[in-house]
Amino acid sequence: MTTPTTNIENVIIIGSGPAGLTSAVYTARANLNPLMIEGEEAGGQLMITTEVENFPGFEHGITGPDLIAVMRKQAERFGTRFITRNVTKVDFSMKPYKVFVGDKEYLTKSVIISTGASAKLIGLPSEKQYMSRGVSACATCDGAFFKNVEVGVVGGGDTAMEEANFLTRFASKVYIIHRSENFKASKIMLERAQKNPKIEFVTNAVVDEVLGDGKSMNAIKLKSTKTGEITTKSLQGLFIAIGHQPNTKLFNGLITVNDVGYIQTKPGTTYTNVEGVFAAGDVQDPIYRQAITAAGSGCMAAIDCERWLETQH
């Protein structure tokens, strides 16, 4: 039995990474009194990022969790209210829209979706253990920490080739590890990686285990996909580049998404196909996927939302 709340919110923000928190700051300052349902794993991908050195305003860098903490305090200072639980269901079939948190129902005039995306991982316990201690899912974020050491990149698509090429600016050697000899990457990206003298391909192999001393990784176990033979390779870093999964399950069938699940917004805006529902950050951005671009689109969503609400009265 759901218990509906009687008051109707101006805006509910779903998700609490840099996109959600920026839209909270902007909507709160516009006196919209936003309600953010931040989720039980609040903060998004930045919560598993140790050092953020490319977010403007922090000349000495800042940890991901600290960056989220200061953004959250800023949103709170302007009056954002927070619910640290997961949204379990939404109903956009009629206005006001309904957002469910367990057995509680919240009514709202508008919604900003900023649920982000999650990096696809191999799924090894040791990979989780050494995440941010040598294992990373973002070369652009962490590449600079791997100067003059040997690293591996797992994947066979354009992302893997791009990340490997990028990492050669820092690492002394980059191994591209792929389960077969056939690559999904476009011809141009594959050739670029093949021509790079710092890149070596390890094909027909999968990562079986990440090894380390408990503090940081120092090697991986590779398993041949042909013979099953296990070999060990010394590496200081391992980048997982097998793609991202936008967190859009909640909106299946309700919001238009592209063929891989990213929410489609109207070009140059954060408008979705549902009037009064906006999307910001990695949930609608398969290209840039940076904290700063997510924050920028969170600002856009707040302004789009505020202007749209003004036209409704």
Next item on the list: Quick one: net charge around Gly281, please, counting Lys, Arg +1 and Asp, Glu -1 for every other residue with C-beta under 14 Å from its C-beta.
Entry: -3
Margin query: I need Met131, Met36, Met94 ordered by Cβ neighbour count within 10 Å, fewest first.
Written below: Met94, Met131, Met36
Check: What FRET efficiency, computed as 1/(1 + (r/R0)^6) with R0 = 45 Å and r the Cβ-Cβ distance, is obtained for Leu254 and Thr232, rounded to the nearest 0.05?
Finding: 0.40
Next item on the list: Mind giving me the FRET efficiency for Lys221 and Tyr288? R0 is 45 Å, r the Cβ-Cβ distance, nearest 0.05 is fine.
Entry: 0.85
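Using the structure shown, select from Lys95/Lys120; Lys198/Lys266; Lys187/Lys249; Lys147/Lys184; Lys89/Lys120 the pairs with a Cα to Cα distance greater than 30 angstrom.
Lys95/Lys120; Lys198/Lys266; Lys187/Lys249
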Check: Near the amide H of Val52, under 5 Å away, which other amide H atoms are found, from residues 5 or more places off or on another chain, if H is placed in the peptide plane?
Finding: Ile62, Thr63, Gly64
Check: With r defined as the distance between the Cβ atoms of Asn7 and Asn54 and R0 fixed at 41 Å, what FRET efficiency is calculated, to the nearest 0.05?
Finding: 0.50
Notebook entry, point to check: Can you list the cysteines of the chain that have no other Cys Cβ under 4.7 Å away?
Noted result: Cys299, Cys305
Notebook entry, point to check: Label-point separation (nm) for Asn31 and Ser186, each offset 7 Å from Cα along Cα-to-Cβ?
Noted result: 4.9
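Bear in mind that the values in this text are calculations on the coordinates, not laboratory data. The shown structure was predicted, so the numbers you read here are calculated from the model rather than taken from an experiment. Don't worry about glycine lacking a Cβ; one is built from the backbone with ideal geometry, like all the others, and counts go over all protein chains shown.
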